[in-house]
Amino acid sequence: MAKLELENFESFRALEGRPFPNGDWLNVTQEMINDFAKATMDFQWIHVDVEKAKKYSPFKKPIAHGFMSVALLSKMLEDVLHVKSATMGVNYGLNKVRFPSPVLVDSRLRLTGGVQKIEDYGETGLKITWNCVVEIEGTDKPACAAEFISLMFE
């Protein structure tokens, strides 16, 4: 899907209360899961031990860390929407987050959702509350549902 390009904050504000475009599918590889394990020092076997997961896991293969889905939100949002006048953006926090379904290795994920709220932040910024759903291709339940907050500055 083509990224939604907006000129400035004024045009971005028109998205408040509306959905943003669905993201492209992203493949979750074992390498990504291993790299996330290294970054977070969470080496639980269900994530990184392929042979043990095949033998003992109810999923019969490794699963991604739940927080990996949250960590991908910034990248996924950046892939669906760009405000040209923005000079920087930062994560502000989460109000709600749930992991309804595990992400099995080699799954494909995409972001869906919308802009819930846009507020002024300081002299040159916006505080954005996003409703984010990380879908798993071929499953009914999402990997992650989150009310994610970020800041964007002009």
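The values are calculated or read from the model by the stated rules, or taken from the named source; none is laboratory data. All values derive from a computational prediction rather than experimental measurement. Methodologically, a virtual Cβ is constructed for each residue, glycine included, from the backbone with ideal geometry; neighbour enumeration extends over all protein chains shown. Keep in mind that these areas ignore ligands, DNA and RNA; they rest on the heavy atoms of the full protein, side chains included. Shrake-Rupley method; radii C 1.70, N 1.55, O 1.52, S 1.80 Å.
Taking 29 Å as the cut-off for C-alpha to C-alpha distance, list the pairs among 54/141; 60/141; 3/38 that go past it.
Pairs exceeding 29 Å: 3/38.
If you average the sequence gap of Cα pairs under 8 Å that are 6 or more apart and divide by the length of the range 1-121, what percent do you get for the contact order? If you can, show how the numbers build up before the last one.
Details: 163 pairs, mean separation 56.5, N = 121.
Relative contact order, the range 1-121: 47 percent.
Along the charge dipole of the range 54-123, Cβ charges K/R +1 and D/E -1, which of 89, 69, 121 sits furthest on the positive end?
69
In the chain, what % of DSSP beta bridges are antiparallel (nearest 5)?
90
Taking the Cα-to-Cβ direction at residue 45 and at residue 61 and moving 7 Å from each Cα, how far apart do the two end points lie in nm?
Modelled inter-label distance: 2.0 nm.
Quick check for you: with a 1.4 Å probe and neighbouring chains kept, what is the accessible area per residue of the range 1-132, in Å²?
Here the residues of the range 1-132 average 58 Å² of exposed surface.
Can you tell me what the convex hull of the Cα atoms of the chain projects to on average, as an area in nm²?
Numbers: hull surface 37.6 nm².
Average projection, Cα convex hull of the chain: 9.4 nm².
Rounded to the nearest percent, how much of the accessible area of the chain (1.4 Å probe, protein heavy atoms only) is carbon and sulfur?
Working: 4430 of 8630 Å².
Summing carbon and sulfur atoms, their accessible area is 51 percent of the total for the chain.
What are the ³J(HN,Hα) values, in whole Hz, obtained from phi via the Karplus relation 6.51 cos²θ - 1.76 cosθ + 1.60 with θ = phi - 60°, for each residue of the range 6-21 in sequence order, with x given for Gly and Pro?
3J(HN,Hα) across the range 6-21, in whole Hz: 10, 5, 7, 4, 4, 6, 5, 4, 5, 7, 4, x, 10, x, 9, x.
Take peptides 83-89, 38-44 and line them up by average Cβ neighbours within 10 Å, highest first, as a rough protection proxy.
83-89, 38-44
Run the simple label-point estimate for residue 87 and residue 52 please: 7 Å along Cα→C-beta, distance reported in nm.
4.9
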